[in-house]
Amino acid sequence: MIIETIIYVALLIALFSVCDNSLSRRYYVPLKVVCSASFLVILWINQCFSNKLWLLFWPLLACFVGDLLLGLFNTYMRKQFMVLGIIAFMLGHVGLLNYMCRITDDTSWLVYILPIAVCLFMVWMKKAWHLHMGRLFVPCLIYCYFVTTMTFKAIECGMSGMGEIACAGVLFLLSDFTILFLYFFHFPDKKNKRLVHFVNLATYYMAILLFIFSL
């Protein structure tokens, strides 16, 4: 898996080079599609004989679709792309939650209760940081519940010795946390927005890779 990982990182660096600059409109979406397709390729190359392959394939396919839609939103700023991207990623997180529930014996009720506190924190963040979410607030709040539930389940897996899954879940949550600022916060300095975009992409693609390693 070393060669595939090196190529994966190289593609990610190429994606960094077209973030929030003059090259974005022309190259960002195609490169993002290639980067996202690459994690599906890595999954199939390295786990094609795993009996858990399909448990992870469908969630990652949903994430691939979400990547395409958010890439289009990042380029053309049409809210329809954002809404569809949220739905796609929400389905992806439900799939990841299903994957983790199937490879463990039991799930604590706290996994489903604690995310409510995170959703309340997001409501506070919207007011405190003046996040301009408009009509997307409710879909984002629902999405927050699902991604946080997935993260708490990943942490529970980590407490059972599955360190890769725990790291993947936390990185996924961090990635989605940065999205709040990337798309809904006004940056006086565009350099800061680009830095947040780098963190968003790095944490997301690393999380996907760790989930693949966990098989």
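Say the dipole of region 2-213 comes from +1 at the beta carbon of Lys and Arg and -1 at that of Asp and Glu; which of SER36, HIS197, LEU174 then lies farthest toward its positive end?
Most positive-ward Cα: HIS197.
Starting from 0 in steps of 5 Å, tell me what percent of the Cα-Cα pairs of region 72-215 lands in each bin.
Taking every Cα pair in region 72-215, the percentages come to 2, 9, 18, 22, 20, 14, 9, 4, 1, 0.
Cross-link list LYS126/LYS193; LYS79/LYS126; LYS79/LYS191; LYS52/LYS153: which exceed 20 angstrom alpha carbon to alpha carbon? Walk me through the numbers before you get to the answer.
On the way: LYS126/LYS193 18 Å; LYS79/LYS126 18 Å; LYS79/LYS191 24 Å; LYS52/LYS153 18 Å.
Violating the 20 Å limit, Cα to Cα: LYS79/LYS191.
Within region 80-131, list the chymotrypsin sites (Phe, Trp or Tyr not before Pro) lying in a DSSP loop whose Cβ has at most 13 other Cβ atoms in a 10 Å radius. Don't jump to the answer; show the numbers that get you there.
On the way: sites: PHE81, PHE89, TYR99, TRP109, TYR112, PHE121, TRP124, TRP129; in loops: TRP109, TRP129.
Answer in residue order: TRP109, TRP129.
Can you give the helix-only mean residue ellipticity at 222 nm for the chain, where every DSSP H stretch with n ≥ 4 adds -39500 (n - 2.57) and the sum goes over all residues, rounded to the nearest 500 deg cm²/dmol?
-28500 deg cm²/dmol
Just report the Cα centroid separation between region 165-191 and region 41-114, whole Å.
17 Å
How high is the relative contact order of the chain, in percent, counting Cα pairs under 8 Å that sit 6 or more residues apart?
18 percent
Can you tell which of PRO59, PRO30, PRO115 shows the greatest fluctuation in a Gaussian network model of the chain with Cα springs below 10 Å?
PRO30
Applying the Karplus parametrisation 6.51 cos²θ - 1.76 cosθ + 1.60 with θ = phi - 60° to the phi angles of region 14-28, what ³J(HN,Hα) value in whole Hz is obtained for each residue in order, glycine and proline being reported as x?
So the Karplus estimates, Gly and Pro as x, are 4, 5, 4, 5, 10, 7, 6, 9, 5, 8, 4, 4, 8, 10, 4 Hz.
Here, each number is a calculation from the coordinates, and none is a lab measurement. Quick caveat, the model's predicted, so the values are computed rather than measured. FYI the Cβ positions are ideal-geometry reconstructions off the backbone, even for glycines, and counts take in every protein chain you see.
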